Structures are given as C-alpha cells and as structure tokens.
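Bear in mind these aren't lab numbers, they're just calculated from the coordinates by the rules spelled out. On a predicted model such as this, the values are computed, not experimentally measured, just so you know. Because the Cβ atoms are built from the backbone with ideal geometry, glycine has one as well, and the counts that use them run over all protein chains shown.
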C-alpha cells in the first residue's frame, strides 16, 4: 500500500496474507475474539468497515488487545473518517473510490492506504500521483480476472487488492495474476457463525483462506 513519508517502510499489507477479511461488526464486543480467530487462522490483516456505529470501537479494541492483528479501516469515505480511524488505531485505510480531498487526507495520515479504482483511467491517474497499490472494486462487477489481467501489461507497476463478489472458488484465479497482491472477502465470516459467535468455525475458514496461495 502507498504510504506517506516515514522513517521505515513496513511490509505491504498486500503481502501479509492472500486474503484480507472484510469485517462488518454491529457489536464491538465481538471484535477481539473475531480478530483472534482470524489471526490464528493465518489472516492477520483485518479490514473493519466503517459502516456501523461499532466500527471505531472495534478497531480500537483490536488494536489494543490483539497484537498479532494488523487492523485497518474500510469504507473510508471522508477526511474526517480518515482522522477518526487512525485515531482509533487503524494501521491501514481502504476506500471504495477516491476524490482529491480523500486522497490527500489518506496520504497525510501516515499509514498505508488503498484507494478504490475500477477503470484504467483511475489507475493511471493514481500512478501519476505516486500511488502504486490500490483496491479494485467492485471486482466481479467491474470485469474481474480478465479485466485485471488486461491491465497488467500496460500498467505493470500497479498492484491490486480486488474486493467485491470474490469467494473461495474465484479467489485463486485472482491470486494467480501478477498484479494482485491479495484479495478481500467475507466468505470466512458467514452470518450464522458471526451470530452464534462460532469463533472456531471462523478460525477454520480463515485457515482455508490463508492456504489459497500455496
């Protein structure tokens, strides 16, 4: 992921694991056991979306209590959300798209970020601004594997985390592309497992997802 100037550059979030779980939490009390299950299953990079009132508290709890997790904020739409997420402990930021104001706020935040793109022109515009790592969203609806494959030759310096409609059956084809670092998904977080707080099942599904790139 692209980051603002810093004394040391960490391993890219795109390289931490083949899958980034996209988490929507309605109860912040579930954040820590869920994150522990995902980390134990081999998925340390966890995107908590800012779609619920519990999101910032969830990020804060994971950042404080799950040292193996690299927790980030997703569905970041405004500069205010950038500040709030980083203040809560988010270590990376993900947006479904970008504007000039949002891009500058993410760049100034001092943490890695993935602005969302779905067209070659958007990718080229970000490359001109020094951004090399992006979210490709909505992946399946925007052209999926064939589209990303077609971008790899003319835009070889861009790397992507495709997200949107990807499951365990389609993820390997994305991960085989030279310009894909990881994929985002929710399939390791089935609604019934979250409802029942079945952390063991989520850990097993995370383990299967972490093995998708051998």
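Taking 0.36 nm per residue of sequence separation and subtracting the Cα-Cα distance, how much length would be gained by fully extending the chain between residue 127 and residue 153, in nm to one decimal? Provide the component values of the computation, followed by the final result.
On the way: separation 26, 0.36 × 26 = 9.36 nm, distance 1.44 nm.
Extra length from residue 127 to residue 153 when fully extended: 7.9 nm.
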#### Entry: the stretch 178-192-the stretch 15-29 distance, computed between alpha-carbon centres (Å)
9
### Query
How much FRET efficiency would the formula 1/(1 + (r/R0)^6) give for residue 101 and residue 65, where r is the Cβ-Cβ distance and R0 is 35 Å, rounded to 0.05?
0.60
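Run the helix sum for the chain: -39,500 (n - 2.57) per DSSP H stretch of 4+ residues, divided by residue count, reported at 222 nm to the nearest 500 deg cm²/dmol.
Values: 9 runs with 81 residues, N = 214.
Estimated from H runs of four or more residues: -10500 deg cm²/dmol.
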### Task
Find the all-direction average of the projected area of the Cα convex hull for the chain, expressing the result in square nanometres with one decimal place.
10.8
### Query
Across the Cα atoms of the stretch 11-86, what radius of gyration and what greatest pairwise Cα-Cα distance (Dmax) are found, in Å?
11.5, 33
### Query
So how do 52-61, 191-200, 37-46 stack up, highest first, on mean other-Cβ count within 10 Å?
37-46, 52-61, 191-200
### Cα-based Kirkwood hydrodynamic radius, the stretch 108-214, one decimal, Å
14.8
### Summary
Sorted largest first, the Cα spans of the stretch 155-214 on the principal axes come out in Å as 44, 22, 16
